[in-house]
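The values are calculated or read from the model by the stated rules, or taken from the named source; none is laboratory data. These figures come from a predicted structure and were not determined experimentally. Cβ sites come from the backbone with ideal geometry, for glycine too, and all protein chains shown count toward neighbours. Note: areas computed on protein heavy atoms with side chains; ligands, DNA, RNA excluded. Shrake-Rupley method; radii C 1.70, N 1.55, O 1.52, S 1.80 Å.
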Amino acid sequence: MRENQNILSRIELPVLFLYLALTLIGWLSIYAAVFNEDHTSIFDITQRYGKQLLWIGLALVLGLIVLLTDSRFFNGFAFFIYFATLLMLVAVLVFGSTVSGSKSWFQIGGFGLQPAEFAKFSTGLALAAFLNRLETDMHQTRTKIISIIIIALPAILTLMQYDTGSALVFSAFVLVLYREGLSAIPLVLGLIAIVLFIVTLYFTPLYVIMGIALLLAGALFFIKRNLPNIIRLIALFAVASMFIVSVGYVFNNILEPHQRTRINVLLGLDEDLRGAGYNVHQSKIAIGSGGFSGKGFLQGTQTKFNFVPEQSTDFIFCTVGEEWGFIGTSILIGLYLMLFLRLIRMAERQRSTFSRVYGYSVIAVLFFHFTINIAMTIGLAPVIGIPLPFVSYGGSSLWAFTIMLFVFLKLDANRLNVL
Amino acid sequence: MEGNKFNERRQIITLVILVIGGIFVVRLFFLQVINQSYKLSSQNNVLRFVTQYPARGTIFDRNGELMVYNEAAYDLLVVPRQAVIDDTLAFCKLLKIDLPSFRTRFESARKYSRYRPSVFLEQISKEDYGYIIEKLYHYPGFFFQARTLRKYPRPIAAHVLGDVGEVNNADMERDAVYKMGDYIGKSGLEKFYEKDLRGKKGMKIMMVDVHNREKGSYRDGIYDTLPVTGKNIYLGMDARLQEYGERLMVNKTGSVVAIDPATGEILALISSPNYDPNLLVGRSRGKNFNELLNAPQKPLINRAISGTYSPGSTFKMLNALVALETGSIDENTRFSCQGKSSTPIKCTHSHVTPLAVHQAIEQSCNPFFWNTFRNILINPSLKGQKNALEYWHQKMLDFGLGHRFKTDIPFEVAGNIPSRDYYDKVYNGSWNAMTVRSLSIGQGEILLTPLQLANLAAIIGNEGTYYPPHMTRKIGEENDTLPARFTQKLSTGIDARHFRLVKSAMLDVFEGGGGTARRFKVADFRAAGKTGTVQNPHGKDHSLFMAFAPYEQPKIAIAVVIENAGFGSTWAAPVASLMMELYLTGEIKRPEMEKFLLENYPDPVAP
């Protein structure tokens, strides 16, 4: 128990402060977003801001429990926790209740719990525990496949709950695999695929295929014109063409109508200001109207009068943008960047692969949420309903992120004891 | 540490994170600092600029009696972009409109602007308002705005007062003050005094949420402006006289104009047929307006200022005055009359011969005035017939003929006095007194409006001077607000001595044994007048009469024109007589004459 006696002295304090700063900003922003003349007390438990304070308090308790837990527990019980979460994901499919189209909530009294939020944490643990084994090697196909299965299982279960946003978060673990030695080629190919997907939606597939043919023909001037190279180019052309043709099919037959609209709105192919485009349009108005220095605390009119939907959860960034202006948004982004860089530094100084992989999992998940959430509110990504870590309203996500972060804090504090 | 061989990849990961953060900051800089359009959008989103309409100025008659006032009504406005209607049919039922009407209204609002409010349904009564407002919360994007409607305590003087309607595109382009759905004076005094009557709009800035609920005033109202009530207009009109005249003119086509000769204020201005001004108020305005516009009797035309008539015998005094002024005749000059066998113009009355000017006016002897007119044209001091006609033409302009007074109700016309140039053109330069002989008896090309005719009576009563006739005494509560031209005394340049001669002759039209209006003499005061029976190529003669009273110091000058009514003495003279009696004595002591006029009307076809 010596380990626990001076845990506070060995904990990475800047990260703890950044965490507290973000949750505080979140709480104040939620207060501003749902501010209501009838319930002016920020502690009013009937309002979201009052509840959020309760969630924060419970999160701190959970964090403390995590810090007091033996650090070997997380490695040892990683797979147990992982499978327990998978079970919960299956259970929610059967017993869960549907909230805004997603069957991803356990409803206990007036209080909802979303297992998918915790699945991100347990997937990180499982991945770390798996890659920690001496026999694993990213160059081995077996390691790759098992890693991908560990990531894909909860992702697929989440997708089955129609919670596309949370399911997409699991793709962030590719970043972890990359750090552990996965070739960059799949990542680059993935990026190219996304670009092709977007280009194909803008232009008709035939034109895109013709464009690629021209590009590849041009490539002939820069490479050795021998048979293998020509075969490679032809193969590349065939794969790209098939991909392009399949984009139309995927887009029209596999994506849900609301997802199609969201993508169309983002690409400017559809200006549906009353429907799917409404959120983004109103969100941009709210942020844009903040100006350089903002309208001041509680002076935001866009978010306060409910023009921005989901303003306390997924669109909480609007409130910051409207009331604190460019100064506020820059500071918030700065806080996140500081947090990420700190976490990278912490991850790199770990002695054990388990701790490092887990640390990168935390970074990947937080960074993915940060990127997609803010990009969506400022119109750079389609509307994907995932919260801004530590800031958005909601108990499940706050606790999940807290546990995730604090486990890493605990591992880091204990890193010197790892043999 | 063997698993840590890829630790150089941390730099790439760090770079990716910093690039994303950088993109966000740049994007936010554009969104929040550079781009101003979102700030505007946010204002439109949450601030509702509620126009505070000023009360339109009211209109009073010369005795302080209210002629036009305002009554509360409500317009339903819509911001198309915010509008949410789940059940269109229920909404239509609530507003008592049908579905096609709903669609066209909504479409036109959307065409005007998706972001700015425009009138969806106008002029909802107080009763309907109370019922609708209770359910309006179901329909975000719709809200009420208080407006006023014009009301007329007496349904009179529609032509004079004019009407108020919604602005059209041309109005909005001409003056940026007007916004879609605003009201503007369309005719009459409402049009002429629009700028005084309309007042100044105020603006209340309200904050609203996405459900269209008002959340109080913006910044406690420091940017709000209060509406400024329009100015009241005080007329020279006597509402009682106007109403009485309109009653007498029922079933007759024509016009009555009464003027206060001392000031030029119009006491009554009647055009018949007329209409109830309340018809052109409220939601049925458009329908009623079209009905009036297409009615065969053309009730919308204000005949008192837009109708022109040959003055006939009422014009003879003017020739007499010009002749006396130029020395072409004197008060003792006599011309013989061969009655019906006179040439070139026969006489329609039988009387002793020869006559001097006094009796010639009283008897309305055509040959006398032909000779008088010829004497003007051949007067050596006027240097030839053509120059003489030019002089004569100028004198007619001095009498306020042939041009507009620029009075304060729109659509006044100039009438016509033919000029030397006109005849030179028509007769190729070869013409003389004989050619234009009709001018001697007020026929031919001469055309006068009833307003000009009444003003002639005022000029004669004033012995040569007049103020341009106008409706208004005072604008707003301050004095001396009238346009300067209405307070400028004009002169005909003819010696008052000659007017006195003509006046005395007109007195005998009432008082003399052979006067054409002797039957319409009023016991309480002495009146002077002149009948006219004007040949009308389109049908029966028009009946004209002009008069002023009291003779000693005229307080009312009046002209009556009744179309296709025959002799001036039969129809026009009694109308003038009764109206003068009412105005000067305050009562009617000849009910049988009134009864005759109310119960009979001229048959326009029978001779």
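Among the trypsin sites (Lys or Arg not before Pro) in region B:111-217, those placed in a DSSP loop whose Cβ has at most 15 other Cβ atoms within 10 Å are B:ARG114, B:LYS179, B:ARG213. Put simply, chains A and B cover up around 4100 Å² of each other's accessible surface, both sides summed, when a 1.4 Å probe is used. To test your reading of the geometry: what angle, between 0 and 90 degrees and rounded to tens, separates the Cα axis of helix B:450-462 from the longest principal axis of chain B? Approximately 60 degrees, to the nearest 10. The phi-based Karplus calculation (6.51 cos²θ - 1.76 cosθ + 1.60; θ = phi - 60°) puts the 3J(HN,Hα) values of region A:283-288 at 5, 5, 4, 4, 5, x Hz, whole numbers, x for Gly and Pro. For chain B, take the longest principal axis of its alpha carbons; what is the angle in degrees between that and the long axis of helix B:385-398, to the nearest 10 within 0 to 90? That works out to roughly 50 degrees. Shielding of peptide A:331-344 by partners, expressed as the average count of other chain Cβ atoms within 10 Å per residue Cβ, is 3. The accessible-area loss of region B:25-40 on complex formation, taken against its chain alone with a 1.4 Å probe, reaches 20 Å² or more at B:VAL25, B:ARG27, B:LEU28, B:PHE29, B:LEU31, B:GLN32, B:VAL33, B:TYR38, B:LYS39. First obtain the Kirkwood hydrodynamic radius of region B:50-235 from its Cα pairs, then insert it into the Stokes-Einstein equation at 20 °C and 1.002 mPa s, and state the resulting D in µm² per second as a whole number. Taking Rh from Cα pairs, D becomes 120 µm²/s.
Pairs spanning more than 19 Å between alpha-carbon atoms, out of B:LYS231/B:LYS489; B:LYS316/B:LYS530; B:LYS231/B:LYS474: B:LYS231/B:LYS489. Distant-in-sequence amide contacts of B:PHE144, defined by a placed amide H-H separation under 5 Å and a gap of 5 or more residues or a different chain, comprise B:LEU77. For B:GLY264, the residues whose amide H sits under 5 Å from its own are B:TYR467, ignoring neighbours fewer than 5 places away on the same chain, with H placed 1.01 Å from N. Measuring nothing but protein heavy atoms, the accessible surface of region B:50-235 at 1.4 Å probe radius is 52 percent carbon and sulfur. Per residue, the accessible area of chain A comes to 44 Å² when a 1.4 Å probe rolls over the protein heavy atoms. For the protein assembly as shown, just say rounded, prolate or oblate: build the C-alpha gyration tensor, square-root its eigenvalues into a ≥ b ≥ c, call rounded for a/c under 1.5, and beyond that prolate if a/b exceeds b/c, oblate if not. Here the protein assembly as shown falls in the prolate category. In region B:42-138, the alpha-carbon atoms span a convex hull of 135 Å³ per residue.
With 18 Å as the limit on Cα-Cα distance, the pairs of A:LYS51/A:LYS284; B:LYS179/B:LYS200; B:LYS386/B:LYS425; B:LYS96/B:LYS204; B:LYS252/B:LYS540; B:LYS252/B:LYS298 that go past it are A:LYS51/A:LYS284; B:LYS96/B:LYS204.
Using the rule -39500 (n - 2.57) for each DSSP H run of four or more residues, divided by the residues of chain A, the 222 nm mean residue ellipticity is -22000 deg cm²/dmol. Treating cross-link reach as a plain straight distance, find the aspartates and glutamates whose alpha-carbon is under 12 Å from the alpha-carbon of B:LYS215, omitting any fewer than eight places away in the same chain. Hits, sequence-local ones excluded: A:GLU37. Pairs spanning more than 18 Å between alpha-carbon atoms, out of B:LYS111/B:LYS287; B:LYS191/B:LYS406; B:LYS346/B:LYS503: B:LYS111/B:LYS287; B:LYS346/B:LYS503. Between the helical axis of B:285-294 and the dominant principal axis of chain B, each derived from Cα atoms, what acute angle in degrees is found, rounded to the nearest 10? Helix B:285-294 sits roughly 30 degrees off the main axis of chain B.
Partners of A:LYS410 within straight-line reach, counting aspartates and glutamates whose Cα lies under 19 Å from its Cα and excluding those fewer than 8 residues away in the same chain: A:GLU3, A:GLU12, A:ASP70, A:GLU348. For B:GLY254, the residues 5 or more places off, or on other chains, whose built amide H falls under 5 Å of its own are B:SER272, B:GLU563. Residue ranking by accessible heavy-atom surface, 1.4 Å probe, largest first, among A:ASP314, B:ASP75 comes out as A:ASP314, B:ASP75.
Among the chymotrypsin sites (Phe, Trp or Tyr not before Pro) in region A:284-374, those placed in a DSSP loop whose Cβ has at most 15 other Cβ atoms within 10 Å are A:PHE292, A:PHE297.
Counting only protein heavy atoms and a 1.4 Å probe, region B:99-152 has 54 square angstrom of accessible area per residue.
What percent of all Cα-Cα pairs in region A:203-255 falls in each 5 Å bin, counting up from 0? With 5 Å bins starting at 0, P(r) equals 4, 20, 24, 20, 14, 10, 6, 3, 1.
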